[in-house]
Structures are given as C-alpha cells and as structure tokens.
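Please read the structure below before turning to the comments.
Read the figures in this text as sums done on the coordinates, not as results from a lab. Predicted, not measured: the structure shown is a model, and the values here were computed from it. Cβ atoms come from the backbone with ideal geometry, glycine included; neighbour counts cover every protein chain shown.
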2 protein chains.
Amino acid sequence: MKASILCVGTELLFGQIVNTNAAWLSQQLQMAGVDVLYHHVVGDNEGRMRALLAETLAQSDIVVATGGLGPTQDDLTKEIIADVLGAELVLDEKALADIEGFFKRFGNEMTENNRKQAYLPAGCRIYYNEVGTAPGFCLEKDGKAVIALPGPPRELKHLYEKWVRPWLTEKTNASIYNKVLRFYGIGESTLETKLAPVIEGQTDPTVATYAKEGEVSVRVASKRATVEEAAVAVQETIDKIYQIAGKYLYSTEDQELHEVVASRLLACGGTLASAESCTGGMFAERILSVPGMSASYLAGLVTYSNEMKTELLGVPAALIEKHGAVSEEVASAMATGVKARTGADYAVAVTGVAGPDGGSEAKPVGSCWISLAQKGMVITLPFETRDRGRQWNRNIFVLAMLDLLNKALLRQL
Amino acid sequence: MKASILCVGTELLFGQIVNTNAAWLSQQLQMAGVDVLYHHVVGDNEGRMRALLAETLAQSDIVVATGGLGPTQDDLTKEIIADVLGAELVLDEKALADIEGFFKRFGNEMTENNRKQAYLPAGCRIYYNEVGTAPGFCLEKDGKAVIALPGPPRELKHLYEKWVRPWLTEKTNASIYNKVLRFYGIGESTLETKLAPVIEGQTDPTVATYAKEGEVSVRVASKRATVEEAAVAVQETIDKIYQIAGKYLYSTEDQELHEVVASRLLACGGTLASAESCTGGMFAERILSVPGMSASYLAGLVTYSNEMKTELLGVPAALIEKHGAVSEEVASAMATGVKARTGADYAVAVTGVAGPDGGSEAKPVGSCWISLAQKGMVITLPFETRDRGRQWNRNIFVLAMLDLLNKALLRQL
C-alpha cells in the first residue's frame with residue numbers, strides 16, 4: 001500500500017515551524033508496512049491545495065493530510081477534501097457538543113467561528129478529539145482514503161494512535177514487529193561499524209541506526225507471515241546486537257534515559273536529590289517529567305552563584321576560592337551537600353561551562369564535573385563534549401548525569 | 001517571484017530525519033522576497049523525481065533542490081535536472097581537483113565513485129564546495145532557474161550564503177519587511193476575531209495568526225517599492241493591532257516570553273530566585289537557557305515533598321497541614337521563603353497539580369497557585385489550564401509565572 005503526506009500550513013512554507021509531523025507520520029506508516037511516496041507542503045491557498053490533493057490522491061492509496069482544520073477563515077483543508085471527493089459538509093452534533101463543552105469548562109465564550117469545526121464530510125469516519133477542538137476524519141472513496149488530522153503534534157499523535165493505527169493494522173493485514181533499542185556512550189558511525197555484520201546483506205529483520213542528541217537509536221523490524229514469527233526474528237537480531245554492543249544499550253523499549261532511571265528508582269524505592277549549576281534545573285525538569293516521581297524525588301537546588309553554593313549547599317567558600325566553581329572538589333561538595341540537606345539516598349550534582357561565554361583553556365565551554373553521592377561513596381567524574389551551543393551542551397551534561405545515576409542503580413560503579 | 005523546494009532523500013520519507021533544510025530555505029527565500037509555494041519530498045526514485053521536477057518547474061520561477069548530489073548510485077538529482085533541462089553533464093576540472101584535494105587533506109584514498117561529483121550540467125554556474133565533496137550549481141533556462149544544493153545542512157547553508165543569497169538579492173530587487181508579534185493570555189480564535197477589522201480585506205500588509213502552546217504569534221508582512229515604505233506600512237498595522245490587543249502583546253521582535261523577561265531583568269539589574277513544586281525545575285531551566293543570566297539568577301529550589309518545603313524554604317509545616325501543599329498560603333510562603341533565603345529582588349513560586357494523578361474536585365489536574373514576592377509586596381494568584389497532559393500543564397504554569405514576573409518588571413501589578 002502506498003501513502004503520501006500532505007501538510008497544509010503557511011507557517012511551514014514560511015519556515016516558522018519545522019515539519020516534524022511529516023517525519024513522525026512517515027515513521028508510523030513505515031512501521032505499519034505502508035510505503036511513503038511523497039511529503040508535500042502547501043500553504044492556505046485554495047487552488048494549489050485542490051490541485052495537489054487531486055494529484056496526490058491519484059498517485060497514492062492513502063493521503064494523510066495535516067493542518068488547516070481549525071476555526072479560522074484560512075483553514076480550508078476539510079472543505080477542499082470534501083469537495084474533491086464529492087461529499088457535503090454536514091453538522092455533527094456530537095462534535096459541536098464537544099467543542100461547546102471545551103469552552104464551557106473554562107468559562108470562555110465560544111466564538112462563532114468555532115462552530116465551523118463541527119461540520120464534517122458526509123459519510124466520513126469522525127475522529128473525535130479529546131485533546132483539542134478540531135476533530136479529524138477519514139473519508140474513503142473508490143478504494144482510496146483521505147485521512148485528515150489537526151496540525152498540533154499532540155493532537156495529531158493522539159488521533160493517529162487512537163483511530164488511524166488500528167484501522168491501518170486491520171487494512172494492511174501486515175504482520176510486522178519492531179523494537180527500538182537505545183544506546184548511550186557510543187557514536188552513530190562507531191556503532192554502525194560495530195554492527196556491520198548484523199546490518200549488511202540482511203533484508204529481514206532490517207536494522208537501521210538513527211542519531212539523536214548524544215544518543216543513538218537502532219530500529220530492528222521484521223515482516224513475516226505472523227507477528228509471532230516476526231517477533232522471534234527481531235529477538236534473534238537483538239541478541240546478536242547485545243553481544244556486540246550490549247554495554248551501551250540502556251533500553252530495548254524505546255525509552256528515554258531519564259525514563260529508565262526513573263523507573264529503576266521507583267522500583268527500588270530509592271530517594272533522589274540534585275544540585276545543578278550550569279544545567280540550570282534541566283536535570284530536575286527532565287526526571288520530574290515522569291509521572292509519579294514525587295514518590296522518589298525530594299528536592300533539587302539550582303545554585304548559580306558561588307554564594308548560593310555556600311549558603312544553600314554548604315560548599316565551603318574557601319573550597320570554591322581555591323579550586324574554582326567548576327572543579328572536582330566543588331562538584332563533590334555539591335553532591336554531598338545536597339545529600340546531607342535532603343537526606344536522599346542518591347544525590348547528583350553538576351558544575352561546568354555551558355557557554356557561550358565563561359570558557360577557558362583549562363575549562364573550555366562544553367566541559368563539566370559531575371558527581372554522585374550515595375551511602376558511603378562519592379564518585380566525581382570530568383565530562384567534556386564538543387561545544388555545539390548552550391542548549392546542546394546542557395542536554396549532554398544532563399545525559400551524563402543520568403548515565404552515572406543509572407550505573408549506580410545497576411550497581412555498576 | 002515564486003519558488004518551490006524539492007528535497008530528495010529516502011531518509012526523509014522514512015522519517016529518519018526531520019526536514020530542517022526546507023524550513024531554513026523557506027526562511028531565507030521569504031526574507032529575500034521570494035514566495036514559497038511548495039515543499040516536496042521525494043525518494044531516490046528516478047521516475048517520481050523526474051515527474052515532480054518537471055511539474056514543479058512549470059509552477060515556479062525557481063526550484064531549489066536539495067540532496068542526491070553525492071557519489072553513490074542512488075544519487076540522481078544532478079542527472080535528472082540536467083536531463084529535464086536538456087543539458088549534458090561535463091567534467092569540471094576544478095571541481096575534480098577540489099574533491100581530490102579533500103581526500104588528500106585527510107590522508108584518505110578517493111574511491112572512483114567520487115569522480116561522479118565533478119560532472120556538472122553544461123552552462124551551469126558551479127557552487128564550489130569548500131566544506132564537503134559535492135558541489136552545488138544553478139542551471140537557468142527560459143527565465144527559470146534550478147538550484148541544486150547538497151543535503152547536509154552545514155554544506156547547504158554554506159553554499160546558499162556564499163552563492164545563492166547574493167544572486168537572489170540582485171535578481172529579486174524586492175523590498176520586504178516583516179515583524180512577528182507575540183501574545184500571551186489570549187487564544188488564537190479570540191485574537192483573530194478581535195483583529196478581524198485589520199485582517200479582513202487587507203492584501204498588504206498581510207496579517208497571519210499562529211497558535212503555539214499557550215501563546216499566539218502574529219506575522220505582519222509587507223512588500224513595497226522600498227524597504228522603508230514596507231516598514232512604514234507594517235508599523236501602521238502594528239499600531240492598529242496594538243490598539244485592539246496591546247494588553248496581550250509582549251514582544252514585537254518574535255522573542256519568547258522568557259527571553260523578554262530575562263532581558264528586562266538584566267537591563268534593570270534585578271536579581272531573581274525561584275521555588276518550584278509541580279513544574280519541577282522547568283521555570284529555572286527555561287529562564288537559564290538565556291546566556292548571561294548568571295548575572296541575575298541567584299538560585300532556584302525544586303521542593304517536591306512537604307518536608308523539603310519546610311526544611312529548605314521555611315514554609316511552616318502547620319501551614320501545609322492546614323491548607324494543603326497546593327494553596328494560596330503555601331505558594332506565598334514559598335515565594336517569601338525563597339526570597340528570604342537568597343536575598344533576591346524578585347522571587348517566584350508555584351505549587352499545583354501537573355497530573356496525571358493527584359487531582360481532586362477542588363484542586364483539579366491543571367490548576368496551580370503562583371506567587372511573586374518583591375520588596376514590600378507579595379502577589380499570589382490561582383491559575384488553571386485545561387488538562388492536556390503533564391508536560392503541557394507544566395509549560396502553561398511556567399508561562400503564567402513568566403507573565404506575572406513580566407508584569408512586575410513592567411510595574412503593572
């Protein structure tokens with residue numbers, strides 16, 4: 001089966017936003033065994049949208065359209081789809097009630113233009129939207145289908161997962177199984193070279209590597225007669241990968257490193273505290289994005305100034321004076337300080353140079369000290385990344401802290 | 001002048017990489033006064049590429065093609081462009097010498113397939129590539145131009161800036177001016193309804209609204225005989241918008257709310273501290289993403305547990321016991337507590353229910369109290385967003401904190 005993705009939005013053509021929806025949908029369709037032929041982006045222009053939709057529909061079995069379903073005048077996607085497929089727009093009472101309820105709940109008055117979103121093509125399958133106002137839909141004709149999803153990624157993903165994925169699984173009847181492995185501490189090209197014996201000349205399962213910021217993902221996918229057969233083939237390949245690069249593998253379930261660490265902490269009942277300088281709360285924010293972490297995370301301190309390191313964490317001023325704020329000694333004192341102040345089982349700390357300013361020959365931008373304190377043990381390590389800007393550097397520092405904590409939880413230190 | 005962007009690469013259709021090139025090129029073309037009609041993505045498939053190029057060229061004055069210029073067999077972009085425009089490929093000696101030099105510099109042997117990259121369409125303008133092996137080029141015919149750039153963003157940007165930008169500036173002679181306004185505290189549909197008198201029936205300047213998480217952007221753009229004229233027209237429209245919705249407008253320079261707040265703080269020399277519960281460090285992380293904030297931000301405390309609120313911020317245990325951790329009283333005590341502990345001029349605090357668990361009828365998921373303490377004044381406000389998931393809620397809470405701080409800095413409280 002062949003699909004094309006048609007994204008509608010002037011903000012895409014202006015380059016105001018990057019088209020992450022197309023990439024995400026491509027991954028999903030690929031996983032469902034659907035080939036993606038094209039991504040097209042068109043603005044809120046009726047003539048061009050109409051022509052492109054008609055043409056794309058002629059080339060593909062499925063067109064996934066995104067964006068342009070909202071309440072405003074330049075939201076035209078639904079009208080054009082209905083027109084090209086020869087369907088009337090009719091008011092759906094449940095959709096209208098949903099939208100009215102959305103406004104009522106917040107005590108806001110619903111502007112008249114919002115009613116527009118409750119008109120949907122006759123005969124379509126409506127994707128009621130619990131997480132936004134614009135419903136999506138699927139309209140089929142002559143063995144082809146047009147799927148319309150709202151542009152905001154959260155709504156698009158929700159509606160895809162709830163409505164499109166099960167529909168596609170049934171339609172393609174594909175017996176596909178795949179797993180995404182996550183690696184930390186090894187670069188993409190090095191990992192790919194190591195995995196060459198598993199990757200080369202193999203058509204099923206397929207093994208593909210993807211670089212993320214400071215990490216690498218590997219997708220192992222198989223399409224067989226049954227899902228069970230595919231799962232066995234995938235597992236065999238994962239076993240081979242594990243033998244080659246197991247020490248860098250931290251998840252076989254496509255989890256983020258902070259999710260892995262959070263579940264380990266919650267599982268063992270350990271408590272956590274953190275003290276951050278250059279990462280400015282990013283470690284705390286990341287680990288606390290996991291629901292339920294209040295059971296484990298006690299407190300975090302973001303101590304930017306030297307005075308606050310002394311005042312709030314008890315780092316001796318003389319120590320900072322002697323070694324500098326970015327030093328092994330201060331990192332250790334921050335970790336032990338926050339552990340003492342909070343009584344946590346595990347305490348992590350970081351002090352470093354995130355940039356763009358503040359670097360020196362001895363302490364360049366992109367370098368930091370990370371420290372982990374646990375009962376009877378403090379481990380402090382230097383860490384350096386090639387400077388690629390403040391946010392990049394901070395993120396890499398946080399990954400290093402998470403990796404250190406993960407190893408502590410695995411008793412690998 | 002009208003342009004389309006044609007990106008070639010199976011890795012885009014697989015969703016392995018996000019198409020940042022299309023967004024970047026769009027911004028550049030837009031700024032040069034060129035309208036972008038389409039983004040197209042196609043895989044390494046000869047038939048589909050040829051058809052799409054011919055069609056795109058018929059619709060546009062300029063086609064910018066990216067990717068598929070490399071040494072391998074599935075790199076077909078150049079061959080197809082030459083064929084569609086009826087040009088021969090001829091060996092360029094300088095391009096070949098560049099490629100050979102590139103390999104020599106790194107002590108690597110040049111594989112034979114790399115010679116392919118030195119064959120370029122007869123009559124094209126060659127964009128010699130100092131930062132990679134594949135040169136780009138511009139081939140003109142019948143008043144139309146096809147520009148081919150390599151796919152790696154670093155090479156693409158380098159060749160665009162060196163060769164394409166000056167060529168375009170000369171060619172378009174356009175005088176464009178645009179501004180992006182940022183709004184907080186008003187929804188997209190409400191804002192559009194309010195701005196209808198300015199938006200409707202107006203062709204220049206154009207006014208377009210875009211929703212972001214918890215915010216709205218409005219782009220005002222004009223194309224006139226001179227940049228000065230366009231700037232005057234844009235400013236007149238901004239003045240009208242300001243009269244209608246000025247109280248929600250926080251930036252006319254497309255800045256984020258945290259950037260606006262950070263520059264205000266740095267400008268007035270005020271110091272800041274924060275105490276966060278449900279947002280888990282996200283406020284600190286956000287404001288500290290701005291370089292140079294170490295001059296203003298003293299410290300932040302992430303106090304998740306009740307004990308830590310008492311221990312680290314001095315919130316009386318009896319107060320938490322009486323009113324609950326999510327209450328006006330505790331939010332105020334957190335703000336005054338962190339102000340006292342750090343000596344900051346401004347202190348913000350938040351306590352709320354980010355979800356997914358922990359909500360109740362009285363304190364539903366998505367509700368919080370935010371507080372701001374400054375000299376002689378503490379302001380504490382309830383805030384509620386429709387629950388759209390933990391990360392969404394936390395982000396909305398942080399925006400509310402930033403808005404409160406912004407109003408304090410503007411002396412609007």
Relative contact order (%) - criterion: Cα under 8 Å, at least six apart; region: region A:48-171: 28
Positive minus negative residues near A:G151 (Lys, Arg vs Asp, Glu; Cβ under 10 Å): -3
What average count of beta carbons from other chains do you get within 10 Å of the Cβ of residues in B:17-25? 5
Going by amide H atoms built from the backbone, whose H comes under 5 Å of the H on A:Y297, apart from near neighbours? A:L272
Sequence gap at least 6, Cα distance under 8 Å: using those rules, report the relative contact order of region A:258-409 to the nearest whole percent. 24
Chain A, relative contact order in percent, only Cα pairs under 8 angstrom and at least six apart counted: 10
Which distances in nm, rounded to one decimal and ordered from shortest, link the label point of A:R154 to the equivalent label points in the other identical copies, with labels set 7 Å from Cα toward Cβ? 3.6
Peptide B:287-298 - average C-beta neighbours from other chains (10 Å radius): 5
Rounded, prolate or oblate for chain B? Axes are the square roots of the Cα gyration tensor eigenvalues, ordered a ≥ b ≥ c, and the cut-off for rounded is a/c under 1.5. prolate
3J(HN,Hα) from dihedral phi, region B:203-208, Karplus parametrisation 6.51/-1.76/1.60, rounded to Hz, x for glycine, proline: 9, 7, x, 8, 10, 10
For region B:58-113 and region A:99-163, write down the distance between their C-alpha centroids in whole Å. 45
Just for the Cα atoms in region A:298-405, what are the lengths along the principal axes, largest first, rounded to whole Å? 36, 30, 20
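Averaged over B:186-194, how many beta carbons belonging to a partner chain fall within 10 Å of each residue's beta carbon?
5
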So how long is each side of region A:15-126 along the principal axes, counting just the alpha-carbon atoms, biggest first, in Å? 44, 29, 28
Hz values of 3J(HN,Hα) by residue in region A:339-349 - Karplus curve (6.51, -1.76, 1.60), Gly and Pro given as x: 5, 5, 5, 10, x, 6, 5, 10, 9, 10, 9
In this model, which of A:K157/B:K157; B:K179/B:K223; A:K179/A:K212 are farther than 20 Å apart at the alpha-carbon? A:K157/B:K157
Computed for region B:2-172: size of charge dipole around the Cα centre, +1 on C-beta of each Lys and Arg, -1 on C-beta of each Asp and Glu, debye to nearest 20, value 420
The residues B:W392, B:W167, B:W369, sorted from fewest to most surrounding Cβ atoms within 10 Å, come out as B:W167, B:W392, B:W369
What's the center-to-center distance, using Cα atoms, between region B:36-57 and region A:320-399 in Å? 49
Using the number of other C-beta atoms within 10 angstrom as an exposure proxy, rank A:T169, B:T133 with the fewest first. A:T169, B:T133
Using square roots of five times the C-alpha gyration tensor eigenvalues, list the equivalent-ellipsoid semi-axes of the protein assembly as shown in whole Å, biggest first. 44, 34, 29
Quick one: B:K141, A:K339, fewest Cβ neighbours within 10 Å first, how do they rank? B:K141, A:K339
Amide H contacts of A:K212 (H built 1.01 Å from N, under 5 Å, at least 5 apart or other chain): A:S217
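Tell me the net charge near B:P197. Cut-off is 14 Å between Cβ atoms, B:P197 excluded, with +1 for each Lys or Arg and -1 for each Asp or Glu.
Result for the neighbourhood of B:P197: -2.
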Top positive-direction residue, dipole computed over region A:213-325 with Cβ charges, set A:M308, A:V260, A:L249: A:L249
Calculated from backbone phi, Karplus (6.51, -1.76, 1.60) coupling profile of region A:156-170 in Hz, x at Gly/Pro: 4, 5, 4, 5, 4, 5, 6, 10, 7, 4, x, 4, 5, 4, 5
For the protein assembly as shown, share of DSSP beta bridges that run antiparallel, in % to the nearest 5: 65
